[in-house]
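The next block holds one structure in the form of structure tokens; read it before the comments.
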Amino acid sequence: MYDIAIVGAGASGLAAAISAKRENSSLKVALIEALPRVGKKILATGNGRCNLTNYNLKKGCYSNYSFASFALNEFSPRKITEFFESIGLMCFSDAEGRVYPMSNAASSVLDCLRLEIRRLNIDAVTETAVTDIKKKDGVFIINSDIKAKKVIISGGGKSSPSQGSNGSCFAILKQLGHRITELYPGLVQLTVKENFVKSLKGVRVKSARLELYVGSQLADSSEGEILFTDYGISGIAVMDISRTASRLGGICMIDLLPKLDNDDIAKFLIDSGKRNPNAQIQEILVGLLPSAVGKAVVRRTGISPDSVMAGLSKKDFGKISYQIKNFSLTVTGTKGFANAQITVGGADVKQFNRETMESLKVSGLYCAGEVLDVDGVCGGYNLQWAWASGLLAGRNAAGFSAE
């Protein structure tokens, strides 16, 4: 019999366990994890560096912000940094507000969390996949043989199943009477209709603006790096609109040079043509764009990349300028949950108390992290939600009183 059993030992589960035990050290707390070790998914975050949180947190960074805001304010990015310092992890922030461990290694984050779990005498029940939770006579029965007075479900969504989250917690929550919204892969690469992107495989545009249109309506937008692939597009800017594109599809309109307007680009081309009348247009464009992208831009206007500047008109330069500012790709789908960093959708937040993370349908049942219908953009925001919601759930499950 445990006082608190935590299903899923990822970021939110580990935070919940530590928070609960710190709130009341006499409690018997267990982490139940399907994998052989706790916290595996943490090692893959931030390209192995673990982007812990972001100091530039704001409303637009999250879905269902009105629900998430209590936890995000109660455990702000600064408090998350202090939490990690309290378990022996030194951190630093970069110019964009992203917070990393001083070691620049995600393994340091996990090691410090594991050491704190051990120090607090929290049981880690590994290689135990939870398939069933029932509540009988005020006690939760997990897999027929583990009993707990309270349960925190923090088993993640369906993204990156190889890292341990396969969506199994959604079925358990359904059994317990909770509604699960539609689920989509988020922070994921997009596939596109246009085959010519194969010729751009591996090419990066460091600073671009993306606008996703569904019909004539602007559905989402972002700015940042784009990576062209043989199937479509990736990169931070793409990841940020993927949460919308995975649900709605649409046309992705890319501004390859957002710092310049059409007139700036057209003037550059006209002036270059005067200086180098015998140069090919593809040679001139290398001063603006990666070579392969410049060629693709010109081809989409119907002009040959081999055309010399002297043979091009002001109208031709206008076409090229327009294509640079409106490089459209038709979204056909995503690379799926196997390649997604997060799950869009989850347990309906209307059925939970935002100030405690406790279910409004089953007393003593709490949720934290990705299993709830809250998701954020790239840049440490999803881990911030995991830590904050986990700390809040653990604290309240342990009997925290604000009085």
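So residue 236 clears everything in (1) under 16 Å from residue 341 (Cβ atoms); (2) open to solvent by less than 40 Å² (accessible area, probe 1.4 Å) except one condition, right? Which one? For residue 236, the failing item is (2). Taking the stretch 245-290 as the range and being open to solvent by 40 Å² or more (accessible area, probe 1.4 Å) and small (Gly, Ala, Ser) as the test, only 287 passes. The set of residues from the stretch 165-184 being open to solvent by less than 20 Å² (accessible area, probe 1.4 Å) and at pLDDT 95 or above comprises 169, 170, 172, 173, 178. Residues in the stretch 126-167 that are among the basic types (Lys, Arg) and either without any contact (Cβ under 8 Å) to a residue 60 or more places away in the chain or assigned to a loop (DSSP other than H, G, I, E, B) (or both): 134, 136, 158. Among the residues of the stretch 186-203, is there at least one that is in contact with a Leu (Cβ under 9 Å, 6 or more places away or on another chain), surrounded by 21 or more Cβ atoms within 10 Å (Cβ to Cβ), small (Gly, Ala, Ser) and more than 30 Å from residue 371 (Cβ to Cβ)? No: the stretch 186-203 contains no residue that is in contact with a Leu (Cβ under 9 Å, 6 or more places away or on another chain), surrounded by 21 or more Cβ atoms within 10 Å (Cβ to Cβ), small (Gly, Ala, Ser) and more than 30 Å from residue 371 (Cβ to Cβ).
Evaluate the following for residue 291: is it touching a Leu at 6+ places or on another chain (Cβ under 9 Å) and among the small types (Gly, Ala, Ser)? Show your work before the answer.
Working: touching a Leu at 6+ places or on another chain (Cβ under 9 Å): yes; among the small types (Gly, Ala, Ser): yes.
When the stated conditions are applied, residue 291 passes them.
Among the residues making up the stretch 168-185, those that are hydroxyl-bearing (Ser, Thr, Tyr) and either within 13 Å of residue 373 (Cβ to Cβ) or without any contact (Cβ under 8 Å) to a residue 12 or more places away in the chain (or both) are 181, 184. Taken together, the residues in the stretch 291-318 that are assigned to a helix (DSSP H, G or I) and buried (at least 19 other Cβ atoms within 10 Å of the Cβ) amount to 9. Scan the stretch 180-206 for residues that are assigned to a loop (DSSP other than H, G, I, E, B) and among the charged types (D, E, K, R) and the total you get is 4.
Residues in the stretch 121-151 that are among the small types (Gly, Ala, Ser) and buried (at least 16 other Cβ atoms within 10 Å of the Cβ): 124, 148.
Is it true that some residue in the stretch 216-225 is without any contact (Cβ under 8 Å) to a residue 12 or more places away in the chain, assigned to a loop (DSSP other than H, G, I, E, B) and not acidic (Asp, Glu)? So far as the stretch 216-225 goes, yes, one or more of its residues are without any contact (Cβ under 8 Å) to a residue 12 or more places away in the chain, assigned to a loop (DSSP other than H, G, I, E, B) and not acidic (Asp, Glu).
Residues in the stretch 81-121 that are within 30 Å of residue 27 (Cβ to Cβ), of a type in the set (S, T, N, Q) and under 22 Å from the mean Cα position of the chain (by Cα): 81, 107, 108. Restricting the stretch 7-58 to residues that are over 15 Å from the mean Cα position of the chain (by Cα) and among the polar types (S, T, N, Q), the residue that is farthest from residue 104 (Cα to Cα) is 26. When the stretch 358-389 is limited to residues that are touching a Ser or Thr at 6+ places or on another chain (Cβ under 6 Å) and on the phi > 0 side of the Ramachandran plot, the one that is surrounded by the fewest Cβ atoms within 10 Å (Cβ to Cβ) turns out to be 380. Within the stretch 191-249, the set of residues being of a type in the set (Lys, Arg), at pLDDT 95 or above and within 19 Å of the chain's Cα centre (by Cα) comprises just one member, 209. Looking across the stretch 226-278, the residues that are within 29 Å of residue 316 (Cα to Cα) and part of a strand (DSSP E or B) come down to 226, 227, 228, 232, 233, 250, 251, 252, 253, 254, 255. When residue 42 is tested against (1) modelled with pLDDT under 95; (2) closer than 9 Å to residue 380 by Cβ; (3) of a type in the set (Val, Ile, Thr), exactly one condition is not met: (2).
The values are calculated or read from the model by the stated rules, or taken from the named source; none is laboratory data. As the structure is a computational prediction, the values presented were derived from the model and not from experiment. Positions of Cβ are generated from backbone atoms using ideal geometry, with glycine treated the same way; all protein chains shown enter the neighbour counts. The accessibility values were calculated without ligands, DNA or RNA, using every heavy atom of the protein model including side chains. Shrake-Rupley method; radii C 1.70, N 1.55, O 1.52, S 1.80 Å.
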